[in-house]
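Chemist: Have a look at the structure that comes next, please.
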Amino acid sequence: MLSAQRALLGFITPNVRSISGALDDQSITLRYIIDGEIDEDTREELMCASTLVMADIRPDEYHLRLEEEFVRLDVPATLRGEMLPLQFFERFEPRPPVE
């Protein structure tokens, strides 16, 4: 968790809603949930962060492959049920007032 959070420093763009992950014996999955269109600049920034996460894990030693998921989920859609078990980042989003 700490490695992923450190790797993400400086790479989270304003349109990133959440970043979560999952780890098993064969792979590490990073899921980036984006508000709005996923442009090439955003994708490249987040792929750099993924590379740093994998460098800390030493995938050659543990024989892990990286899987990246870039998911568009625009506000006000809820993040509930969309994130993987390991949650690295979630953007603050004010809830609408209750009437």
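Chemist: Enumerate the amide H contacts of Phe70 below 5 Å, restricted to partners 5 or more residues apart or on another chain; note that Pro and chain-start residues carry no placed amide H.
Modeler: The answer is Tyr32.
Chemist: Nearest 10 degrees is fine. How inclined is helix 40-57 to the longest principal axis of the chain, computing both from alpha carbons?
Modeler: With both axes taken from Cα atoms, the answer is about 40 degrees.
Chemist: Mind listing the long-range amide H neighbours of Arg17? Cut-off is under 5 Å, sequence gap 5 or more, other chains count too, H placed in the peptide plane at 1.01 Å from N.
Modeler: So Arg17 has HN proximity to Ile33, Ile34, Asp35.
Chemist: How large is the charge dipole for the chain, taken about the Cα centre, if only the Cβ atoms of Lys, Arg (+1) and Asp, Glu (-1) carry charge, to the nearest 20 debye?
Modeler: Around 340 debye, computed over the chain.
Chemist: In region 2-90, if the dipole is taken from +1 on Lys/Arg beta carbons and -1 on Asp/Glu beta carbons about the Cα centre, which of Leu73, Phe88, Ala55 is farthest to the positive end?
Modeler: Result: Phe88, furthest along the dipole toward the positive end.
Chemist: Where the Cα atoms of the chain are projected onto their three principal axes, how long is each span, largest first, in whole Å?
Modeler: Dimensions of the chain along the principal axes of its Cα atoms: 54, 26, 20 Å.
Chemist: Among 8-18, 75-85, what's the highest-first ranking by average C-beta atoms within 10 angstrom per residue?
Modeler: On the way: 8-18: 16.0, 75-85: 11.5.
Descending packing order for the listed peptides: 8-18, 75-85.
Chemist: Among 48-54, 24-30, what's the highest-first ranking by average C-beta atoms within 10 angstrom per residue?
Modeler: Ranking the peptides 48-54, 24-30 by packing returns 48-54, 24-30.
Chemist: Compute the separation of the alpha-carbon centres of region 66-91 and region 21-47 and state it in Å as a whole number.
Modeler: Taking the Cα centre of region 21-47 as reference, the centre of region 66-91 is 9 Å away.
Chemist: Within region 64-95, which chymotrypsin sites (Phe, Trp or Tyr not before Pro) sit in a loop by DSSP and count at most 13 neighbouring Cβ atoms inside 10 Å?
Modeler: Qualifying residues, ordered by number: Phe92.
None of the figures in this text is laboratory data; all of them are computed from the coordinates on show. Just so we're clear, the structure is a prediction, and the values are computed from it rather than from any experiment. Cβ coordinates were reconstructed from backbone atoms using ideal geometry, including for glycine residues, and neighbour counts include every protein chain displayed.
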